[in-house]
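Before any comments, here is the structure.
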Amino acid sequence: MNELSTTSQTTPRRVTILGSTGSIGTQALDVIRSHPDRFELVGLSASNNAEMLEKQAKEFSPEFVALENGDAKNGGSDSLRNLDAEAFVGSGSASELAKAPTDVVLNGVVGFAGLAATVSALEAGNRVALANKESIVAGGGWVMSLAKDNPIIPVDSEHSAIFQCIEGRDSSEISGILLTASGGPFFGTEKGKLADAGPEDALAHPTWSMGVKNTLDSATMMNKGLEVIEAHHLFGVPFDDIKVVVHRQSVVHGGVMFEDGATILHASTPSMKLPISYGMLYPERVDVSVGATPFDGVSWTFDEPRNDVFRCLPLAYEAGRLGGAYPVVLNAANEVAVEAFLEGGIKFLAVADLIEKTLEAAPDFGAMEDMEATTAADSWARKEAKRKVKEVQ
Ligand code: MG
């Protein structure tokens, strides 16, 4: 048992929130707002939104604030420096904040940008509650080795579910992992009709309330692809033993299959407040007002993913199996593709084409064992993917 798990419930949990103005961050602050006696806010960081960060800091009085892209233009430096908190402003601020002594760093940064802060928090000995799946996809075995003595608490809803099902079991008993996917807004749509799907269609998620990046990744199934790689590293399970099923109701979030044929599933009303509060308070639970899991007159369905249409999922399995820089390249190309799609630069089905072409062009980058090598592969892939946008239009 580590120190935190025996801490009395009356001791507030000291929390640092990275990405406090985003979807994860604002929901985390909602949880803290409804349980003020359970938390003490150490720090808040945002990417660009100085105004909202300032408002949050005035309400929650953290010791530190950080604005990653703060400059005179967005008023970042001035308004934050007038607060009753120490301010970090500019590139690397979130990583700086992540080092400040705290019980848990909730990383809700979007995309590859979250990796540096995860590494920084782990190196400083801080526990990480991780909503930034890209940290594990790109950081892989290297990041997991930094978390050897200080396990990461997953906040991705599926991985939080699996983490809860797996706890206390010996790895030799585990025969597989079940990852559920909602299927996004297009699961039943004919391939022909997807050709002209625009951003508004792709962002209309049927069951989850998430940020733009995750919602779009959910429509392409890349979200599940990244989560397969994330699960492989977090739980040490081979890719062949990770099964993805489409579960339209989004009530069963994941499960663990055992040697004897039993599967333990985790179910709840779909709300990110559950994995967020569990990640911040682990191993304790609080009521986050999402209600009990519905059982009266409901049906649960499980379907095979349509890998011929939504090709991002098989591409992610392939990149994950190849290892090395391939998951880094997959992730970077996806971030470029998502942006290009949102700006109208490529069609919905070309997202997978762009990622595939970038993976095919990747040279051997060697092992990904530090920030420098990982950043080099990421930068190469971004440039290459941007160059190939014209080829897939
Ligand atoms: Mg998820």
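Find the residue count for the stretch 116-155, including only residues that are within 16 Å of the ligand (Cβ to nearest atom) and in contact with a Gly (Cβ under 9 Å, 6 or more places away or on another chain). Count: 11.
Close Cβ contacts (under 8 Å, 6 or more residues apart or on different chains) running from residues in the stretch 149-160 that are over 20 Å from residue 273 (Cβ atoms) to residues that are among the polar types (S, T, N, Q) and more than 14 Å from the ligand (Cβ to nearest atom) comprise 150/126. Considering 224, 213, 193, the condition of being charged (D, E, K, R), touching a Phe, Trp or Tyr at 6+ places or on another chain (Cβ under 9 Å) and at pLDDT below 95 is satisfied by 193 alone.
If you take the residues in the stretch 168-179 that are in contact (Cβ under 8 Å) with a residue 12 or more places away in the chain and not in a helix (DSSP H, G or I), which one is nearest to residue 222 (Cα to Cα)?
The first filter runs over the stretch 168-179 and keeps only residues in contact (Cβ under 8 Å) with a residue 12 or more places away in the chain, leaving 169, 171-179.
Those still in the list that are not in a helix (DSSP H, G or I) too: 169, 174-179.
On the way: 169: 29, 174: 25, 175: 24, 176: 21, 177: 18, 178: 16, 179: 13 Å.
The qualifying residue nearest to residue 222 (Cα to Cα) is 179.
Restricting attention to the stretch 249-260, does a residue exist that is part of a loop (DSSP other than H, G, I, E, B) and within 12 Å of the ligand (Cβ to nearest atom)? Taking every residue of the stretch 249-260 in turn, at least one turns out to be part of a loop (DSSP other than H, G, I, E, B) and within 12 Å of the ligand (Cβ to nearest atom). Residues in the stretch 197-247 that are at negative phi, assigned to a loop (DSSP other than H, G, I, E, B) and away from the ligand (no atom under 15 Å from the Cβ): 197, 198, 203, 204, 237, 238.
What tally of residues in the stretch 180-196 results from selecting those that are outside any loop (DSSP other than H, G, I, E, B), under 17 Å from residue 245 (Cα atoms) and more than 11 Å from the ligand (Cβ to nearest atom)? Break it down stepwise before answering.
Pass one, the stretch 180-196, residues outside any loop (DSSP other than H, G, I, E, B): 180-181, 184-186, 191-194.
Then keep just the ones that are under 17 Å from residue 245 (Cα atoms); that gives 180-181, 184-186.
With more than 11 Å from the ligand (Cβ to nearest atom) added as a condition, the list becomes 184-186.
Qualifying residue count for the region: 3.
The values are calculated or read from the model by the stated rules, or taken from the named source; none is laboratory data. Small disclaimer: the values here were computed from a predicted structure and weren't measured. With ideal geometry, Cβ positions are generated from the backbone for all residues, glycine too; neighbour counts draw on all protein chains shown.
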